[in-house]
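Student: Before I ask anything, let me first share the structure, which is written out below as structure tokens.
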Amino acid sequence: MREVSTVSYMSAVDIKARKKALKKIERAFSKLVKDILSGKTPTLVIRKRTLANTVFDAERGLLRIGNATLKRSFLNAGEAKKFMQTVLIASIIHEALKNDEYPTIRDLYYRGKHTIRFRDLATGRVREENTWDEQKESDSVIRDLEVLIDMLREEMLILSKEKGKVVGDMRIKSGDDIIDLSKMGHGAYSIEPTPDFIEFKDVNAEFVLVIEKDAVFQQLHRAGFWKKYKALLITSAGQPDRATRRFVRRLSDELGLPIYILTDADPYGWYIYSVFKVGSITLSYESERLATPSARFLGVSMIDIFGSDKLKKKPYLTEAERKNYIIKATDTDIKRAKELKSYEWFRTKRWLEEINIFLKKKAKLEIEALTSKGLRFLMDTYIPEKIETGDWIA
Amino acid sequence: MASEATAEKFRALTPSEFFYRNRELAGFSNPARALYQAVRELVENALDATDPHGIHPTIKVILQKVSAERDNIFSISVEDNGIGIPSAQVPRAFGQLLYSSKYVLRQTRGMFGLGAKMAVLYGQMTTGRSVEVLTSTITAKNIYYFNIAIDVKTNTPIIHEKGVYRKNNGWHGTVVKLYLEGDWTRSKSKIYEYLKRTAIIAPYAEIVFEDPEGTITYFERSTRKMPPPPREVKPHPKGVDIEMMRMMLKATKTKTLLEFLIKEFQSVGEVTARRLIENAGLLPDMKPHELSTEDVERLVRVIKSDTKIKPPSANHLSYVGEEIIKVGLKAILKPEFVTAVTRKPSVYEGHAFIVEAGLAYGGEIQPEDRPVLYRYANKIPLLYDEGADVARKVVDRIDWSHYGVTFPAPLVILVHICSTKVPYKGVGKESVADVPEVEHEIELAIREVARRLKRYLSKKKREREEAERAVAIAKYIPDVARGLAKIVNNVREEMIEKELLKMLNMKLRSFKINSVSDVVVGIE
Ligand SMILES: Nc1ncnc2c1ncn2[C@@H]1O[C@H](COP(=O)(O)OP(=O)(O)O)[C@@H](O)[C@H]1O
Ligand SMILES: [Mg+2]
């Protein structure tokens, strides 16, 4: 019989991460227990994750969580449930860390979900209540816990679905394996949920191109874009998850590569860019680690579509193409654009110009429009020309 | 011939003839109403023979169908443990209309000398049978039996049979049994309602009722406390009209007008008497029977407009009292909340009166679209003509939402008026008239009990809200305790649970949670 030892199969980085996470959780909750045993009302003090408590750090060019806190007291009927949920999620994560597990946020939701049968003292009736009903609720307290102990869930070895992909002439070490990102065939490397544990080995690239649309990513990959232009090609497949953002940030920080972002020409595309660059509002506490302030918005810009007399720029699309490709903006698009206009980090001359053209023309455009005009056009004209001439928004 | 045919014949009617023709005036209008009225008259006589004399009433009422063939002939028997009737009085008490021991100024249920005789008369008319009475006073050595009919023409008793039995136990009281035509189906609910309401206002009585279907209902005695006995009083000058004044002047044994006013009336002393005499232009030493019609008129007018006479005293009134009303409402209605108030005595037209109000809420009371009203006058339940009663008017005009009640709601209001002269509306003695003073007192009494209900309801609401808040926290204690004990080394779950519960209990004002398991019954 063979000796089975779990430890020997696990990577060293994981073991270290576990120890650190366990210690942080224990420290936060020991204090709570001490309060309880000395008759002090147990209260969780957590920084607020709201727009009002989101600060744009102009100097560093990223969003940060402010200092406003919310107090969650267990002895307050309106806060007791959230308090219980926070303790519950912490104890489940703690247990998973101790047992060398890698739960997903969905796993945590299921592990914590149970039914409390209680007697309503006013009526004497027995009623039932779940610790939580939807994953939304457990996800929310996971975020609270991240803020409370100042740790990202990935650092607590909680996994989520992989969404981001990367290809390019680069070698990395993930776990105990070396992976060559240039040998992925027609596929690509899925960026793992814990990108901090990735080790960059060597790289042969001059810039990073991040594309919102997976389909466009695949087209450029197969057409050999990254080989021809010495690029690392990444897609976030829509809203970027945290792993993709962290990965991009590390490429910028550690390898000093310029980051270009290509999205649809509409408020959603702009917000995707802004999440990469400054961070997101609901997760502003993570921006310190996830935002890439140096990221550049390559396109598609309103001026690419309509041109600009003032900037003496010709549009990339002809009148006829515009007619075919432009989509009319919806009311929610307009509303969203106005919201963006109020965010401090969008209040630059160039961005206000973009948004104002959009509001005037009430027109949006998908990146796919450019491949429809011709994949060659996108690959060999549009992208290289814009990069070469510095035609981006910083 | 024509002149002979149209000539009017004059003759006097005896009271028995009058009521024989106008029995509906006394409530005997049809077989259903008559059955109800007969039960009521006999029960009220039984109560009058007990509680004013300090005896805890024990009353047995038996209603039976006399023969299987005839569906509408009943016998009523009512037995009490009261003071009994002196044997010499029995024939007239049951065989002569307008004969009574209650023609004095004293608050009793009966007062016209009519009730028992109307039942006897009605029975006699519809079945031809006479009344049987078995009675013995407290001091009597014998028990007396009478079988009596009324000679309607002459309004005199006819004694069919009389018996005397030696008493060898201490029994005292009266059993009255008579036969009459009735309609049980149509009077059943009223009779039950009457007995129920009687039991509410007299919870110190014990009442057994056997109905014609053989169903026996027992209203238990739920308190030994009894209302203060009513006492006889002299009339108050303001409650006396010209006719009564003339009768009193004629009957008095006093020698002078001054002495007459002082001795025959309450609230009149020498100063007051002299002032009244002077203002009426009379002389203190006039002989009472020498006053002329004009003198009497002037005297009464002066009395009516005098503002300085002391109001009538209410010492003689027998109110039920807050305690007994509460006991009665609680015992019969089994409510969740009960309260009662006895107002201070007040006066209308020279008559003292006291209003009492009771309120019962929730529990076994069925919700209704408006407050259920139980009306009483001198401890008699009033069941008919509710719509015309001043108390109904007051109850309906109150905005109950102001007192935290939204209908349908389980709310019963009891209103009791006691007075030597209850201002009944009409001769039916079923509803009380809108006398402003009485109406005002009723309103104050009802609003008082309503305010107490409001306080109770809002306290209950506060307590319910506190309980809800407490549960909203307590139900999570086990999960919090277990979670913390798992994360933190060396603390026991039970320890944290205990401390959390202690802290929670410290915050609670209206109750405490003994154990978390009182709230959390399971975690699955
Ligand atoms: N059960 C009884 N016990 C004692 N006395 C009674 C009883 N029933 C009737 N009486 C006497 O008979 C009288 C006449 O009764 P009733 O005709 O009902 O007139 P009222 O009750 O108005 O006086 C009463 O005043 C009372 O003295
Ligand atoms: Mg009577």
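Student: Expected output is a single nm value to one decimal: the length gained when fully extending between residue A:16 and residue A:60, i.e. 0.36 nm times separation in residues minus the C-alpha distance. What is it?
Tutor: 12.8 nm
Student: Moving on to the next point. In whole Hz and in residue order, list the ³J(HN,Hα) couplings for segment A:64-73 that follow from phi through the Karplus curve 6.51 cos²θ - 1.76 cosθ + 1.60, θ = phi - 60°; x for Gly and Pro.
Tutor: 9, 7, x, 9, 5, 10, 10, 9, 10, 9
Student: Per residue of B:487-497, what is the mean number of Cβ atoms on other protein chains within 10 angstrom of that residue's Cβ?
Tutor: 4
Student: Right, here's the next one. Note down the nm distance, to one decimal, between modelled labels 7 Å out along Cα→Cβ at residue A:176 and at residue B:186.
Tutor: Simple spin-label model gives 10.4 nm for this pair.
Student: Charges at C-beta only: +1 for Lys and Arg, -1 for Asp and Glu. How large is the resulting dipole of chain A about its Cα centre, in Debye rounded to 20?
Tutor: 920
Student: Please arrange B:55, B:473, A:305 by how many other C-beta atoms lie within 10 Å of their C-beta, fewest to most.
Tutor: The fewest-first ordering by Cβ neighbours comes to B:55, A:305, B:473.
Student: Next up: Tell me, what is the FRET efficiency for residue B:267 and residue B:398 to the nearest 0.05, using R0 = 41 angstrom and their Cβ-Cβ distance as r?
Tutor: The pair residue B:267/residue B:398 has a calculated efficiency of 0.75.
Student: Run the reach check for residue B:310 against aspartates and glutamates, Cα to Cα strictly under 19 Å, same-chain hits fewer than 8 apart removed. What comes back?
Tutor: B:232, B:241, B:259, B:264, B:270, B:278, B:349, B:437
Student: Divide by every residue of chain A the summed helix terms, -39500 (n - 2.57) for each DSSP H run of at least 4, and state the resulting mean residue ellipticity at 222 nm, rounded to the nearest 500 deg cm²/dmol.
Tutor: So the calculated ellipticity at 222 nm is -12500 deg cm²/dmol.
Student: Long-range amide H contacts for residue A:54: which residues qualify at under 5 Å (H placed 1.01 Å from N, peptide plane, sequence gap of 5 or more or a different chain)?
Tutor: Amide H to amide H, under 5 Å and 5 or more residues apart or across chains, residue A:54 pairs with A:66.
Student: If you don't mind, there's one more thing I want to ask. Rounded, prolate or oblate for segment B:237-305? Axes are the square roots of the Cα gyration tensor eigenvalues, ordered a ≥ b ≥ c, and the cut-off for rounded is a/c under 1.5.
Tutor: Rounded is the answer for segment B:237-305, as its axis ratio a/c remains below 1.5.
Student: Starting with the fewest neighbours, write out B:183, A:331 ranked by other beta-carbon atoms found within 10 Å of each beta-carbon.
Tutor: A:331, B:183
Student: Measuring from label point to label point, each 7 Å out along Cα→Cβ, what is the residue A:196 to residue B:515 span in nm?
Tutor: Roughly 4.6 nm, to one decimal.
Student: Let me ask something additional. For chain A, what does the relative contact order come out to in percent, with C-alpha contacts under 8 Å and a separation of six or more?
Tutor: Dividing the mean separation by the residue count of chain A yields 14 percent.
Student: Quote to one decimal, in nm, the extra length available between residue A:332 and residue A:51 on full extension: 0.36 nm per residue of separation minus the C-alpha distance between them.
Tutor: Net length gain for the segment: 99.2 nm.
Student: What FRET efficiency comes out for the pair residue A:348/residue A:206, r = Cβ-Cβ distance, R0 = 35 Å, nearest 0.05?
Tutor: Efficiency computed from Cβ-Cβ geometry: 0.85.
Student: Once all Cα-Cα distances of the protein assembly as shown are split into 20 Å bins that start at 0, what whole-number percent is in each one?
Tutor: 11, 25, 18, 13, 15, 13, 4, 0
Student: Highest GNM mean-square fluctuation, chain A, Cα pairs closer than 10 Å: which of A:370, A:44, A:352?
Tutor: Maximum fluctuation in the GNM of chain A, among the listed residues, is at A:352.
Student: Another question, if that's okay. Be a star and scan segment B:148-179 for residues whose amide nitrogen sits under 15 Å from the point 7 Å along the Cα-to-Cβ vector of residue B:101.
Tutor: Zone members listed by number: B:172-176.
Student: Give, as a single signed number, the net charge of other residues whose beta carbon lies under 9 Å from the beta carbon of residue B:391, with Lys and Arg counted +1 and Asp and Glu -1.
Tutor: 0
Student: I need the calculated FRET efficiency for the pair residue A:230 and residue A:110, taking r as the beta carbon distance and R₀ as 41 Å, to the nearest 0.05.
Tutor: The formula returns an efficiency of 0.35 here.
Student: Among the aspartates and glutamates, select those whose C-alpha is under 17 Å from the C-alpha of residue A:373, and discard any that sit fewer than 8 residues away in the same chain.
Tutor: A:264, A:304, A:319, A:321, A:385
Student: What spacing in nm lies between the two simple spin-label points modelled at residue B:30 and residue B:11, each 7 Å away from Cα in the Cβ direction?
Tutor: Taking the two extended label points, one gets 3.2 nm.
Student: Taking a ≥ b ≥ c as the square roots of the eigenvalues of the Cα gyration tensor of segment A:200-288, is the shape rounded (a/c under 1.5), prolate (a/b larger than b/c) or oblate?
Tutor: Oblate shape, in that a/c is at least 1.5 and b/c is the bigger or equal ratio.
Student: Rounded to whole Hz and in sequence order, give me ³J(HN,Hα) for segment B:24-33 from the Karplus expression 6.51 cos²θ - 1.76 cosθ + 1.60, θ = phi - 60°, writing x for Gly and Pro.
Tutor: My calculation for segment B:24-33 gives 4, 4, 9, x, 9, 8, 8, x, 5, 5 Hz in order.
Student: Turning to a different aspect of this structure: Loop only per DSSP, at most 10 neighbouring Cβ atoms within 10 Å: give me the GluC sites (Glu not before Pro) in segment B:298-372, ordered by residue number.
Tutor: none
Student: Now a separate question. Enumerate the lysines that residue A:349 could reach by cross-link, defined here as Cα to Cα under 18 Å, with residues fewer than 8 away along the same chain left out.
Tutor: A:277, A:310, A:312, A:313, A:338, A:341, A:360
Student: Based only on the alpha carbon positions, what is the Kirkwood hydrodynamic radius of segment A:7-156, in angstrom?
Tutor: Here the Kirkwood hydrodynamic radius works out to 17.3 Å.
Student: What pairs from A:24/B:486; A:24/A:136; A:24/A:201; B:177/B:425; B:326/B:421; A:40/B:498 go past 22 Å between their alpha carbons?
Tutor: With Cα atoms farther than 22 Å apart: A:24/A:136; A:24/A:201; B:177/B:425; B:326/B:421.
Student: Working from Cα positions, state the angle (0 to 90°, nearest 10) between the long axis of helix B:436-474 and the longest principal axis of chain B.
Tutor: 20
Student: To the nearest 10 degrees, how steep is helix B:184-201 against the longest Cα principal axis of chain B, on a 0 to 90 scale?
Tutor: 70
Student: May I pose another question? What average count of beta carbons from other chains do you get within 10 Å of the Cβ of residues in A:77-85?
Tutor: Taking the mean over all residues of the peptide, I get 5.
Student: Related question: Net charge around residue B:443, counting only other residues with Cβ within less than 14 Å of its Cβ (Lys, Arg = +1; Asp, Glu = -1)?
Tutor: Combined, the nearby Lys, Arg, Asp and Glu give -3.
Student: In whole percent, what relative contact order does segment B:404-524 give with Cα contacts below 8 Å and a gap of six or more residues?
Tutor: Taking the mean separation of contacting Cα pairs over the length of segment B:404-524, I get 20 percent.
Bear in mind that the values in this text are calculations on the coordinates, not laboratory data. Being a predicted model, the structure only gives us computed values, none of them experimental. Because the Cβ atoms are built from the backbone with ideal geometry, glycine has one as well, and the counts that use them run over all protein chains shown.
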